[in-house]
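Trainee: Sending over a structure as structure tokens; questions will come in a sec.
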Amino acid sequence: MRKPIFAANWKMNNLSGDVVEFFKVLGDSTLHLNDREIIVAPSFPYLKMSVKNSEDKNIIIAAQDVYPEAEGAFTGMVGGEMLNDLGVGAVVVGHSERRHVFGESLELIRKKVKFTQENNWKLIFCVGETLQERETGHLFEVIKEQIYTAFDQNLWCENEMAVVAYEPVWAIGTGVVASPEQAQEMHLFIRKIMKERYDREETRILYGGSVKPDNIKGLMDCEDIDGALVGGASLKADSFKKLFLYDR
Ligand code: 13P
């Protein structure tokens, strides 16, 4: 049984007032949700207040990134000891904005994956192809490379602690959601890799990219889609609630 996950990735949005409002409006809607997991990833300056404001709400607060060292001379970075001190329970690694806007290499992503596993934070590992990669028929090899380079054969951690998010780059923030068929096809492909290379068939695989209240059901109805990683539609609690409480 793969428990669905609904994860909010706020990216570089939401200030203090928005954070307070978000958790206030969520109220106790997440408190007794034992058949799904709720994760919220605010930006670094708001981690502490998000942890505090989500206390007793049955929510995991995630960091959007981590620098893979405990502490030290790394100007501008946020490392392991800091995330532990802040009370973070999960980390997003490999987001396409990190890969493409900030030029993160496969090697750096691999280090972050390993570091996240070593620190026992839940890992939300993102993969996704660009439009050009899809249109030229390279989509499957791109996703396979992103996974293979991030994890050695024996490096995949327990199902509970590692989650893959398939986020086609062309669907992120564009309003162009992948069709349930396109998403399902890739999720099945990823599940096969999880099974054959890592013996982790039950790994949860989330879809991300223009998920909205009006398309969540079609996606969640797909056999291999185990939840959503949501940007724009997760910034306000009302809209995020409509996602994790969607009409099944
Ligand atoms: P949008 O939901 O805004 O398309 O963003 C998706 C995403 O990148 C979540 O990580």
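Trainee: Can you give the accessible area of W121 in Å² (nearest 10), computed on protein heavy atoms with a 1.4 Å probe?
Mentor: Here the residue's solvent-accessible area equals roughly 10 Å².
Trainee: Equivalent ellipsoid semi-axes for the stretch 31-74, as square roots of 5 times the alpha carbon gyration tensor eigenvalues: give them largest first, rounded to whole Å.
Mentor: Its equivalent ellipsoid spans semi-axes of 26, 12, 8 Å.
Trainee: Number of Lys-Lys pairs in the stretch 150-248 under 14 Å by Cα, sequence gap 8 or more or different chains? List each step's numbers first, then the result.
Mentor: Details: K212/K236; K212/K241; K212/K242; K217/K241; K217/K242.
Counting lysine pairs in the stretch 150-248 gives 5.
Trainee: Follow-up. Give me the percent of accessible area attributable to carbon and sulfur for the stretch 58-211, probe 1.4 angstrom.
Mentor: 49
Trainee: Let me ask something else about it. Might you work out the accessible area of E135 for me, using a 1.4 Å probe with all protein chains in place, and round it to the nearest 10 Å²?
Mentor: About 140 Å², ignoring ligands and nucleic acids.
Trainee: Follow-up question, since we're still on this one. Go ahead and estimate [θ] at 222 nm for the chain from helices alone: -39,500 (n - 2.57) per DSSP H run with n ≥ 4, summed, over the residue count, rounded to 500.
Mentor: -10500 deg cm²/dmol
Trainee: Sequence neighbours fewer than 8 away in the same chain don't count; with that in mind, list the lysines whose C-alpha is under 17 Å from K111.
Mentor: K122
Trainee: Let me ask something else. Only four residue types carry charge here, +1 at the Cβ of Lys and Arg and -1 at the Cβ of Asp and Glu. Report the dipole size of the chain about the Cα centre in Debye, rounded to the nearest 20.
Mentor: 340
Trainee: Given R₀ = 41 Å, what would the calculated FRET efficiency be for E158 paired with D247, taking r from the Cβ atoms and rounding to 0.05? Display every interim value, and only then the final one.
Mentor: Details: r = 32 Å, r/R0 = 0.77.
Approximately 0.85, to the nearest 0.05.
Trainee: Quick one: length gained pulling N84 to S105 fully straight, 0.36 nm per residue minus the C-alpha distance?
Mentor: Length gained between N84 and S105: 5.1 nm.
Trainee: Further, regarding this structure: What is the set of long-range amide H partners of A70 at a cut-off below 5 Å, with H atoms built 1.01 Å from backbone N?
Mentor: So A70 has HN proximity to G80.
Trainee: From the phi angles alone, apply the Karplus equation (6.51, -1.76, 1.60; θ = phi - 60°) to the stretch 207-223 and give each ³J(HN,Hα) in whole Hz, x where the residue is Gly or Pro.
Mentor: 9, x, x, 6, 6, 9, x, 8, 10, 5, 5, x, 6, 5, 6, 6, 3
Trainee: What does a probe at M49 reach in the stretch 74-114, counting residues whose amide N is under 18 Å from the point 7 Å along Cα→Cβ?
Mentor: Counting backbone N atoms under 18 Å from the label point, the list is 86-88.
Trainee: Once amide H atoms are placed 1.01 Å from N in the peptide plane, what residues at a sequence separation of 5 or more from W10, or on another chain, have their amide H within under 5 Å of its amide H?
Mentor: A41
Trainee: Below 8 Å, C-alpha to C-alpha, sequence gap of six or more: please give me the relative contact order for the chain in percent.
Mentor: Over the chain, the number comes to 20 percent.
Trainee: So, one more: Between the stretch 71-102 and the stretch 144-195, what is the separation of their alpha carbon centroids in Å?
Mentor: 21
Trainee: Let me ask you something else. Hey, can you grab everything whose amide H is under 5 Å from the amide H of A162? Only 5+ residues off in sequence or another chain; H modelled, so Pro and N-termini drop out.
Mentor: Sorted by chain and number, the residues that satisfy this are L123.
Trainee: Can you give the local net charge around V19? Use residues other than it whose beta-carbon is closer than 12 angstrom to its beta-carbon, Lys and Arg +1, Asp and Glu -1.
Mentor: Summing Lys and Arg as +1 and Asp and Glu as -1 gives +2.
Trainee: Right, next: In the chain, if the dipole is taken from +1 on Lys/Arg beta carbons and -1 on Asp/Glu beta carbons about the Cα centre, which of G79, F240, L26 is farthest to the positive end?
Mentor: Value: L26.
Trainee: What is the gain in length, in nm to one decimal, between D28 and T75 on full extension, counting 0.36 nm per residue of separation less the C-alpha to C-alpha distance?
Mentor: Separation in residues times 0.36 nm, less the Cα-Cα distance, equals 13.0 nm.
Trainee: Across all directions of projection, what mean area in square nanometres is found for the Cα convex hull of the stretch 127-248? Show your work: numbers first, answer last.
Mentor: Details: hull surface 29.7 nm².
Quarter of the Cα hull surface area: 7.4 nm².
Trainee: Given the convex hull of the Cα atoms of the stretch 1-151, what is a quarter of its surface area in nm²?
Mentor: 10.3
Trainee: Rounded to the nearest 10 Å², what accessible area does M49 have for a 1.4 Å probe in the complete protein model?
Mentor: The accessible area of M49 comes to roughly 50 Å².
Trainee: Within a Cβ distance under 12 Å of L47, other residues only, what is the Lys/Arg minus Asp/Glu net charge?
Mentor: Result for the local shell: 0.
Trainee: Over the stretch 2-54, what is the relative contact order in percent, taking alpha-carbon pairs closer than 8 angstrom and at least six residues apart?
Mentor: Relative contact order comes out at 56 percent.
The values are calculated or read from the model by the stated rules, or taken from the named source; none is laboratory data. Please read all numbers here as calculations on a predicted model, not as lab measurements. Glycine also receives a Cβ, built like all others from the backbone with ideal geometry; neighbour counts cover every protein chain displayed. The area values use the complete protein model at the heavy-atom level, side chains included, leaving out ligands, DNA and RNA. Shrake-Rupley method; radii C 1.70, N 1.55, O 1.52, S 1.80 Å.
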